[in-house]
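Below you'll find the structure, written out as structure tokens, and then a few comments.
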Amino acid sequence: MRSARLHDGAGATLNADALRADARRESFGLLALLSPGLLLVFAVIIVPIGWLFWLSLFDEAGQLSAANYARFFEQASYIKTFVTTFKVAFTVTGACIVLGYPLAYMLSQLPRRAAGVCLIFVILPFWTSVLVRTYAWLVILQRKGLVNTWLMDLGVIAQPLSLANNFAGVVIGMTHIMLPFLVLPLYASMKTIDVDCLRAGMNLGASPAATFRQIFLPLSLPGLASGVVIVFVLCLGFFVTPALMGGGKVIMWAMRMEQTTSLYSNWGAGAALGVVLLAVTLALLGLFQWLLGARATGVWSQR
Amino acid sequence: MSMENSLPISHRQRLWLYALGGLVMLFLIAPSVIIVIMSFSASSLLQFPPREWSLRWYESYFGSLEWRDATIVSVKVAVMTAIVATLLGTAAAYAVNARTLRLTGAINALLTASLIIPVILIGIGTFFLYARVGLNNTLTGLVIAHTVQALPLVVLTVLSGLRSYDMNQEMVARSLGAGRFSAFFQVTMPQIRFSIVSGALFAFITSFDEVVVSLFISGGETTTLTRRMFNALRDQIDPTIAAISTCLIVLSIVLLSAAQLFGRGR
Amino acid sequence: MLLSLAQTALPIGISGIEKRFGGVSVLHDLGLDVAAGEFLTLLGPSGSGKTTLLMILAGFVRANAGSIRVGGEEIIAMPPHRRNIGMVFQNYALFPHMNVFHNIAFPLKQRRVPAAETAERVERALDLVQLKGLGERRVDQLSGGQRQRVALARAVVFEPRIVLMDEPLSALDKSLREHMQIELRNLHRRLGMTTVYVTHDQREAITMSDRIAVMNAGRIEQIDRPEVLYASPKTRFVAGFIGDSSFIPVECRNGSVWYEDRKIRMTAAAPSSGSHLMVARPEKLRLVADGETAGKANVIPATVGDVIYQGDSFICYATLRDGRQVALRDYCRSDVLAKLPRPGEPVNLGIDADDVVLVAAD
């Protein structure tokens, strides 16, 4: 105590410079660990996207204008692309809810070991190449594909159904690809629902159906919401399946971007499409985070 | 066992649920199973189940120089991506976990940006940038682009490993005379090595299966397997792709099991 | 050579420590001297800054300003691994991927001690903590007490200048904890290392320490030998934190002390003026029978509330005239038992002039 008083006055700043220097050294060290990764992300994502954004502000004559954005409202083909994209996204998301909720619910109610085995059915497709899965659906659904062959062999139909190369094909293929993105976060959130809470509900006289409706369902909604948001957002920018299974008839946002830039080399227009897509994506994710205070990207750390 | 997390509802009452869940599981797994079986068909027609069996599609895959070259490119890129992404991702995860830096939220968002930014935008942007710096159709360009996409997975996996690890151990090691690096390699890394290896495997699969960005930035001698497959699928349905797909499925299973085994630890 | 730190033990001089977390001051101008070979305890409630101070000593938390000198050398900005400080954490933090031997050999390995010497020193350290022959055990095969000992052996095997301990016994159950307190104390006597020990358990602090620094809200309230802290606390906080006490308000006027209309006799020097609190330890109070000559004792009238019989002793809660409750404890000698008061009875509480301690009223 006495020595402290001796230093009083000067005490407040004793070695403060050395300590600040030491703190800076540590920060630099940690920054050095971060910087290679951040630099790459910056160079490959931030810079090009910023550049594209800049490009989108100029028309073909090189004049600053909103022409690239205005055409979205004027040209019917763009409007059709947006309508198609949202139609696909809503349909696929809906299908994922209908298929994914019961599966996640079943998984959450199974004993641990059985749930682990069943989870393989969700995780394996998740990690199987999108191309492979799209190819599989092409084989199954196309004109001379498995489904049509079977149905015709069985005499159910005389003419092959058109299942691939149209809206239905895109929706089926994409639902298959998106389903794990909905099931995994939903399952994780259902696992955290306190069973005692449900038991209490049933002990208080609620029927199993009422317990589910009044307790389990509301508690599982945040998990469902995070799955829905991620699926919807991924659908908006999805490329591979519609490109391969749309048969040129289902033009989605991402395909439109690819065509505008690769086929027509209209970078301004393609960039503008990208900017709007990014804005919509970030807005949806931001809205979700604001409403529920959670990050929708959690799915990637769960698989 | 069943009491631990289930309600007093009998399995019989749940039958409809199991049936529904089973159907959805079938929907998820059937395409892969069908492809694997079809890849052994002797016919070039799509028949299921195949009437005759053969390995001709595998012969066609391995016998084709184009497919082989593309596979080699993909393997090279995936291996390098896994190495680079694991190094950078682990270092970044460590720094993020130290939490002494300001702006941790912004740093996190930047590191995981490629998960939420539409891939098509990354593809077009990368192509656009690479065109100016001459990285299109190069292995380096592919490795860089794939590393950015694999980085978040490594960061998230290693971070979750670090969060379940007791940082006091590293502090003790440092007080006992090990420098920060040395303490990390002697004490921390052996205990989170399973997360690191899982992260590396995820990075490998991410790169190997990557389609959209590769469509834009790979070509010529550096055409990746996925790009060649995409083009082949656009033209016609060649059963060789079933054989390739089977190989990819097997690869996924092997890598996933490895990640699972490592993830469980010891 | 026996493992001994007596020659290497060094004094610590801490001064002017400032620590702010996001603008909130946690430690302010804190100073403290630890003698070579001393066992000093930082005692305080959670949030008092004791662990922060320990972490600053170890180098895991960086102070905003201040000086730490170990044997004259400034270490405040030195990285932890060069400070030569042995540290024992609350959860032991043993390395689960190494066996007991390699855990204890770890600091020696960092110092590139030759293998033969390492083996010998680890053996001695194991012997010291009574774990002879357990070197090959895996960490998860050890009991809580054994883990504690391994952590201890690991912290002293490299003959550090200082040993820091952060509530090392709090994870053990009561009887083992008491046993380990004595063992730690003996170990300290044998090795003579300068030790800074953090705890919130005042009993543990009293049992083990040469000196205790009582911390509150980022300041050291008082630092002294346990018996001095107990007998003459300087602040109400110290009196309340170490041992049980009741507080009786008194007035000081012209050098004499008054409780209501009674003059309080005290041996220690009385403050000249102001409101103060008299520290009444339960065992310093006794029951004074009517008519009994109080002698040097001060007598305070009260009404009995509850009497709790505890076998060897009893506790009597009494209410003073102003409604304040005080506690009195005495042994159940037969003469006392015979006169045990009943609830509601008036009693006289006596406290010797020698035992009167005043602290400032806050």
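Where a number appears in this text, it was derived from the coordinates with a stated rule and is not lab data. Computed from a predicted model, the values in this text were never measured in an experiment. Counting neighbours? That spans all protein chains shown, and the Cβs are built from the backbone with ideal geometry, glycine included.
Quick look at the values:
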read-out	value
Packing-based exposure ordering (other Cβ within 10 Å, fewest first) of C:V214, C:V299	C:V299, C:V214
Peptide C:84-92 - average C-beta neighbours from other chains (10 Å radius)	4
Positive-end residue, chain C charge dipole about Cα centroid, Cβ charges, pick of C:A338, C:S46, C:F314	C:S46
Fewest-first sequence of B:W16, A:W127 by Cβ atoms within 10 Å of each Cβ	B:W16, A:W127
Antiparallel content of DSSP bridges confined to chain C, in %, to 5	75
Dipole magnitude of region C:244-360 about its Cα centre (Cβ charges: Lys, Arg +1; Asp, Glu -1), debye to nearest 20	180
Per-bin percent of Cα-Cα distances, region A:205-300 [10 Å]	14, 31, 26, 17, 8, 3, 1
Packing rank of B:52-58, A:256-262, where each peptide gets the mean count of other beta carbons within 10 Å, highest leading	A:256-262, B:52-58
Estimated 222 nm signal from helices in the protein assembly as shown, with DSSP H stretches of n ≥ 4 weighted -39500 (n - 2.57), rounded to 500	-17000 deg cm²/dmol
Shape category assigned to region C:26-89 from the gyration tensor of Cα positions, a/c cut at 1.5	rounded
Percentage relative contact order, chain C, counting C-alpha pairs under 8 Å, at least six apart	17
Intensity falloff of region A:38-153 expressed as log10 I(q)/I(0), Debye formula with alpha-carbon point scatterers, at q = 0.18, 0.22 Å⁻¹	-1.11, -1.19
Computed over region B:43-202, the ratio Rg/Rh where both radii use C-alpha atoms and Rh is Kirkwood	1.14
Positive-end residue, the protein assembly as shown charge dipole about Cα centroid, Cβ charges, pick of C:T199, B:V119, A:L30	B:V119
Neighbourhood net charge (12 Å Cβ-Cβ; Lys/Arg +1, Asp/Glu -1) for B:Q149	-2
Mean-position separation - Cα centroids, region C:6-36 and region C:82-107, in angstrom	24
For residues of B:107-116, the mean tally of beta carbons on other chains within 10 Å	6
Fewest-first ranking of C:L42, C:L126, C:L172, using other Cβ atoms within 10 Å as the exposure measure	C:L172, C:L126, C:L42
Simple label model, 7 Å out from Cα along Cβ direction - B:Q260 to A:A21, nm	5.6
Label-point gap, in nm, between B:W16 and C:K174 - each point 7 angstrom along Cα→Cβ	5.7
Among C:I162, B:F181, C:F21 the positive-end extreme of the charge dipole of the protein assembly as shown (Cβ point charges)	B:F181
Most to least packed among A:193-203, C:57-67 [average Cβ atoms within 10 Å]	C:57-67, A:193-203
Charge dipole magnitude, Cβ of K and R +1, D and E -1 - region A:67-302, Cα centre, debye nearest 20	140
Alpha carbon Rg of region C:244-360, scaled by the compact-globule rule 2.2 N^0.38 Å	1.05
Cleavage-rule hits (trypsin sites (Lys or Arg not before Pro)) in region C:238-300: DSSP loop, at most 14 neighbouring Cβ within 10 angstrom	C:K296
Estimated dipole of region B:64-264 in Debye, rounded to 20 [Cβ of Lys and Arg +1, of Asp and Glu -1, Cα centre]	600
Local electrostatic count at C:R149 - Lys and Arg +1, Asp and Glu -1, tallied over other residues with Cβ under 13 Å	+2
Separation between Cα centres of region B:220-235 and region B:30-92, rounded to whole Å	12
Area projected by the alpha carbon convex hull of the protein assembly as shown, averaged over all directions, nm²	54.1
Relative contact order (percent, whole number), chain A, Cα cutoff 8 Å, 6+ residue spacing	23
Formal net charge of residues neighbouring C:S170 (Cβ-Cβ distance under 14 Å; K, R +1; D, E -1)	-1
Coil-residue GluC sites (Glu not before Pro) of region C:190-275, DSSP, other Cβ within 10 Å capped at 14	C:E260
Antiparallel bridge percentage (DSSP; both residues within the protein assembly as shown; nearest 5)	75
